[in-house]
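One structure is given here, and the rest of the page talks about it.
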Amino acid sequence: MRPKKPEATMSGDLFRARLDQIINMKNELVQLAGRLDWEWIDGEIAPLYSDKGRPGIETRFAIGLLLLKHIYGLSDEGVCERWVFDPYFQYFTGEEFFQHAFPHERSDLSHWRKRLGDKLEVLLAESLRVAHESGALRSKDLARVTVDTTVQPKNVTFPTDAKLLHAAIKGLNRLVHQHGVRLRQSYVRIAKRAAMMAGRYAHAKQFNRHRRELRILRTRLGRLIRDIRRKIAGQHTLEAAFTQPLACASQIRSQQQRQRGWKLYSFHAPEVECIGKGKASAPWEFGVKVSIVTTNARAPGGQFVLHAKALPGRPYDGHTLRAVIEDTQRLTGREIERAYVDKGYRGHDALKPRSVFVSGQKRGVFGVINRELRRRSAIEPVIGHMKAEGHLGRCYLKGRAGDAANAILSAVGYNLRRVLAWLRVLLRIIVYALLSTFAAQMELKPAS
C-alpha cells in the first residue's frame, strides 16, 4: 500500500523543535530538497505499490535516504546513524520536527532498492532536471557526449585456488547447519590449515608443497559434496536448496588456473567476472563492466553523468554503443549529435556511425570536432570521482540486480554532488554581491 505521512498533533508537537527554526534554510542541502520534485517521483513509483496491506514507508523518506547515502558515500548503516543527529538529513527526508531516534529499520533500504528495480533511472533523470533548472547544466551540453566503460569491482577477495576451495567448504558447512543436515565430517579445521599453508608455500615459491595443500583442499571438498548429496537424496526441499551451492562447489573443485572458458571467481557471488582493462596497477579486476556517458563540454556546474548502466557478460564495448546512445536520448529527451569514444569502440554498431568519433581518428576530424575529441579523456576523472567519492569503486550489493542499482545510484550521487557545489557557489556569489552593494552605499553616505 502506498505510504501516507502521519498528521502531526498539536499536543505532541507543542514543545518540539521545528527543523526550519534550528537549521540554516540557505544551506545547499536545504535548497536541493526544495528543488527536487518529490511528488513526481512518488507518482512514478506509485505503480510498484499494492492496494492491500499496511501502509509502507513514505516515499520521500526512503528515496531521500538513498540519495543521501550516495551523495556522501555512506553505507546503509552509516546514513541511518548520521540521520539521527544531523537535522539537515532529517529535513531532506521530509521531517518537520527533530527526531531523536531512527523511525524505521536499516533493512528497509534493501527492500526499497529491490522494489525500485528499473525505476532507479527516474532518480537519474530527476538529478539532470534539477541541474538544468538550477543553471548548472544547459540543453546544448546534452547534444555532444563522451562514452566510456569501466569496471565496478565486487566486494570479493582476490580469487586464488586455495581461497576459493576454502570458501566453498565453509559455505557448504554454513548451509548444512542452517538446514540441519548431519555430516560424517565437516573438514573445516583441516581446510583452514591447508588454505593457510598453501598461501605460505606460494609466497615462499615452494610450489610442490603448495600443490600438495591444494590437493588436500580439493579432496576434502569432493568428499563434502558427495556426503551432502547422499544425505539429501530424495528430499526435494533440500535438493532445491542445495542445487546452486553444490553446482558452484563442483565448478570450483574442477576448474584449473589457466583453463579457457567460463570460470567461477567467488562462491558467494557467482556473477563476478574477470575483466582486464590494461592497467599496470590492476591487470585484472573482478566485478562487472559499467558504461558511463557524460557531457563532452564542461557545463557551468561541471561535467554531469547522463547515463550509467551495468553490462553483465563482458560484452565488447562497440557492441553496446547503439543501446547506450538510445537509452541516453530517451533519458535526456535530446538527440545526440556527436559521441566521442576511445579505441575500444572500433567496429561499433551505432545507428549514425558518422556522428561517432573514435580516439586517434583522422578522417573527418577538424576544427571544433578536433577540440571536442581531445576532451574525450575528461571522462576519466569523472569515473575516478565516482569511484573515490561514491560507491562505484566497490559494490557491496547482492547479485546482478545489486550491480545495476549501484551503478545508477553512483551516477545520481555524483550529479547531486555537482548540483550541491553549484548551489554553494551561487550562494557565495549572492552574498558577495549583497556585501559589495552594502559597502558601496556606506562609502557614498555623506559624513554628518
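The values are calculated or read from the model by the stated rules, or taken from the named source; none is laboratory data. All values derive from a computational prediction rather than experimental measurement. Don't worry about glycine lacking a Cβ; one is built from the backbone with ideal geometry, like all the others, and counts go over all protein chains shown. SASA here: full protein model, heavy atoms, side chains in, ligands and nucleic acids out. Shrake-Rupley method; radii C 1.70, N 1.55, O 1.52, S 1.80 Å.
Taking residue 148, is it touching a residue at least 24 places away in the same chain (Cβ under 8 Å), assigned to a strand (DSSP E or B) and at negative phi?
Working: touching a residue at least 24 places away in the same chain (Cβ under 8 Å): yes; assigned to a strand (DSSP E or B): yes; at negative phi: yes.
Yes; evaluated as a whole, the condition is true for this residue.
Is it the case, given these coordinates, that residue 84 is β-branched (Val, Ile, Thr), open to solvent by 20 Å² or more (accessible area, probe 1.4 Å) and part of a helix (DSSP H, G or I)?
Numbers: β-branched (Val, Ile, Thr): yes; open to solvent by 20 Å² or more (accessible area, probe 1.4 Å): yes; part of a helix (DSSP H, G or I): yes.
Answer is yes for this residue.
Looking only at strands (runs of 3 or more DSSP E) that fall completely inside region 270-351, which ones have 3 or more residues that are at pLDDT 90 or above and under 26 Å from residue 365 (Cα atoms)?
On the way: elements: 273-275, 285-295, 305-311, 338-341.
Passing ranges, in order: 285-295, 305-311, 338-341.
Please go through region 278-308 and give me each residue that is open to solvent by less than 20 Å² (accessible area, probe 1.4 Å) and among the hydrophobic types (A, V, I, L, M, F, W, C), ordered by number.
Result: 288, 290, 292, 293, 299, 304, 305, 306, 308.
When region 212-261 is examined, which residues are found to be under 38 Å from the mean Cα position of the chain (by Cα), open to solvent by 80 Å² or more (accessible area, probe 1.4 Å) and free of Cβ contacts under 8 Å to residues at least 60 places away in the same chain?
Correct list: 229, 236, 237, 243, 244, 256, 258, 260.
Report, by residue number, each residue of region 25-58 that is open to solvent by less than 80 Å² (accessible area, probe 1.4 Å) and either outside any helix (DSSP H, G or I) or touching a strand residue (DSSP E or B) at 6+ places or on another chain (Cβ under 6 Å) (or both).
So the first thing to find is which residues in region 25-58 are open to solvent by less than 80 Å² (accessible area, probe 1.4 Å), and the list is 25, 27-38, 41-46, 48-50, 53, 55-58.
Listed by number, the residues that qualify are 25, 27, 36, 37, 49, 50, 53, 55, 56, 57, 58.
So if I check each of 349, 342, 317, which one is under 18 Å from residue 293 (Cβ atoms) and surrounded by fewer than 17 Cβ atoms within 10 Å (Cβ to Cβ)? Step through it out loud before you land on a result.
Working: 342 fails: surrounded by fewer than 17 Cβ atoms within 10 Å (Cβ to Cβ); 317 fails: surrounded by fewer than 17 Cβ atoms within 10 Å (Cβ to Cβ).
Of the residues listed, the single one that is under 18 Å from residue 293 (Cβ atoms) and surrounded by fewer than 17 Cβ atoms within 10 Å (Cβ to Cβ) is 349.
Would you mention how many residues in region 87-113 are assigned to a helix (DSSP H, G or I) and either open to solvent by less than 60 Å² (accessible area, probe 1.4 Å) or in contact (Cβ under 8 Å) with a residue 40 or more places away in the chain (or both)?
In the first step, residues of region 87-113 are kept if they are assigned to a helix (DSSP H, G or I); the result is 87-92, 108-113.
Now restrict to residues that are either open to solvent by less than 60 Å² (accessible area, probe 1.4 Å) or in contact (Cβ under 8 Å) with a residue 40 or more places away in the chain (or both): 87-92, 108-110, 112-113.
Residues in region 87-113 being assigned to a helix (DSSP H, G or I) and either open to solvent by less than 60 Å² (accessible area, probe 1.4 Å) or in contact (Cβ under 8 Å) with a residue 40 or more places away in the chain (or both): 11 in total.
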